[in-house]
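The values are calculated or read from the model by the stated rules, or taken from the named source; none is laboratory data. Everything numeric here is computed off the predicted structure, so don't read it as measured data. In this analysis, Cβ positions are derived from the backbone assuming ideal geometry, glycine residues included, and neighbour counts consider all displayed protein chains.
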Amino acid sequence: MMKAIRIHEFGGPEVLKLEEAEIPSPAMDEILVKTYASGVNLVDCGIRRGGNDILRPLLKLPLTLGWDASGVVEEVGSGVTNFKKGDAVYGLPKFPGDGSYAEYFIARATQMAIKPKSIGFNEAAGVPLAGTTAWSGVFDFGKIQTGQSLLVHGAAGGVGSIAVQIAKAKGAYVIGTASAGNLDFLRKLGADEAIDYNNQRFEDLLKDIDVVFDASPVRDNEVRLKFVQVIKEGGKLVSSQLDFPCSEAVNNALSAKNATGELVLPQNYTCLQEMASLIDEGKLQVVVSRVYPLEQAAEAHMENEAGHVRGKLVLEIRKD
Ligand SMILES: NC(=O)c1ccc[n+]([C@@H]2O[C@H](COP(=O)([O-])OP(=O)(O)OC[C@H]3O[C@@H](n4cnc5c(N)ncnc54)[C@H](OP(=O)(O)O)[C@@H]3O)[C@@H](O)[C@H]2O)c1
């Protein structure tokens, strides 16, 4: 048996219960990982509340949350050739299914990679979900090229802080928005410009931006219209928000500029290896603002849902 944080009903942070659960077994294409740390993400909080129309049919109770993790391979499925017992790994636990707020989790071998060597398990657990989303937004959907301009809205969060750095590593000109207390943080991450979204109007300061990446948790069609205002003719708006695009006005504004708008959903996981290399080369810094013990998952959810996490929150499950 193992310790796990599970939910038996949907609701507030109080539905998260620490209990004993069976250690799962990997199928042919899966690995069983001994968890060292689990990232905490807004999607965990959304699933805890019952998910949305797309997610809810996939959720079976009781459920262990957490789809972002690091650990050591304990067992490999009979068809897995790229990992062996004892490998230190990071990646995404299998979804739908039980996640990584637990002492062991199952992952598809294709959604895991060898952990970056230069950082600990806690830092590594903060990378996979935010990192694959950032990579997908910047490169797969944004198709950012050297010298192009990228505006990252909500640049101090998990997705945003990685998006800023990987775009800089590619040679893009990167502008980030954040609240006043995070502007220096954005500059330290490498942002060429940092804009205070409360006290400055980015729509008056910027124009002809190649790609806008909305990595904020705020779903606001008025702000989306401002993004379109600063995008160049034929440019791109990419959004991490699952309700995107929900407004005809936003779609019409994009069409009038021959610009595209797309929802970012990570499609391949080979970028986990590329991010591990960038981390080990010192080109991608992983920022974990707070580490909670497993039993304080509810407190971690409350902090995340308050909307102003710098970098990542992580649950430590085993000591490094
Ligand atoms: N599509 C996917 O596969 C996928 C995967 C992961 C995440 N997501 C989504 O991506 C979004 C970001 O996730 P995350 O994990 O990076 O969130 P996060 O770590 O909680 O970061 C949120 C950041 O947003 C900033 N923020 C808060 N209010 C803002 C506002 N009014 N305007 C602009 N920025 C604001 C905060 O910065 P300040 O403190 O400076 O305000 C904070 O650093 C969420 O909507 C999440 O659900 C999608």
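Say whether the condition of being crowded, with 24+ Cβ neighbours inside 10 Å and among the aliphatic types (A, V, I, L, M) is met by at least one residue in the stretch 74-88. No, the stretch 74-88 contains no residue that is crowded, with 24+ Cβ neighbours inside 10 Å and among the aliphatic types (A, V, I, L, M).
Among residues of the stretch 214-233 that are in contact (Cβ under 8 Å) with a residue 60 or more places away in the chain, those with a beta-carbon under 6 Å from a residue that is part of a helix (DSSP H, G or I) at least six positions away or on a different chain give the pairs Ala215/Val159; Ala215/Gly160; Ala215/Ala163; Pro217/Leu42; Val230/Glu203. Would you check which residues across the stretch 206-260 are over 14 Å from Val152 (Cα atoms) and within 19 Å of the chain's Cα centre (by Cα) and list them? Residues satisfying the conditions are Arg219, Leu242, Asp243, Phe244. Please enumerate the residues belonging to the stretch 9-23 that are part of a loop (DSSP other than H, G, I, E, B) and over 12 Å from Cys45 (Cα atoms). Glu9, Glu22, Ile23 - these are the residues of the stretch 9-23 that are part of a loop (DSSP other than H, G, I, E, B) and over 12 Å from Cys45 (Cα atoms).
Going by the conditions given, is Lys319 under 30 Å from Thr146 (Cα atoms) and of a type outside the set (A, V, I, L, M)? Spelling it out, it is not the case that Lys319 is under 30 Å from Thr146 (Cα atoms) and of a type outside the set (A, V, I, L, M).
Selection of first residues in the stretch 238-259 that are closer than 19 Å to Ala215 by Cβ and touching a residue at least 60 places away in the same chain (Cβ under 8 Å) and of second residues that are among the polar types (S, T, N, Q) and surrounded by 21 or more Cβ atoms within 10 Å (Cβ to Cβ), restricted to Cβ pairs under 8 Å at least 6 apart or on distinct chains, gives the following pairs, ordered by first then second residue: Ser240/Thr133. Of all residues in the stretch 177-211, count the ones that are among the small types (Gly, Ala, Ser), touching a helix residue (DSSP H, G or I) at 6+ places or on another chain (Cβ under 9 Å) and within 9 Å of the ligand (Cβ to nearest atom). Count: 1. Only residues that are in contact with a Phe, Trp or Tyr (Cβ under 8 Å, 6 or more places away or on another chain), assigned to a helix (DSSP H, G or I) and within 9 Å of the ligand (Cβ to nearest atom) were counted across the stretch 135-159, and they come to 1.
Within the stretch 275-320, the set of residues being assigned to a loop (DSSP other than H, G, I, E, B) and acidic (Asp, Glu) comprises Glu281, Asp320.
In the set Ala306, Ala297, Ala276, only one residue is of a type in the set (A, V, I, L, M), within 11 Å of the ligand (Cβ to nearest atom) and within 19 Å of the chain's Cα centre (by Cα); that residue is Ala306. Scanning the stretch 279-294 for residues being within 15 Å of the ligand (Cβ to nearest atom) and without any contact (Cβ under 8 Å) to a residue 60 or more places away in the chain gives a total of 2.
Per the listing Val89, Val80, the residue uniquely assigned to a strand (DSSP E or B) and out of contact with any Cys (no Cβ under 7 Å at 6 or more places or on another chain) is Val89. Can you find a residue that is in the same structural domain as Lys232 (by TED's automatic domain parsing), within 20 Å of Val223 (Cα to Cα), assigned to a helix (DSSP H, G or I) and not aliphatic (A, V, I, L, M) anywhere in the stretch 180-191? The answer is yes; a qualifying residue exists.
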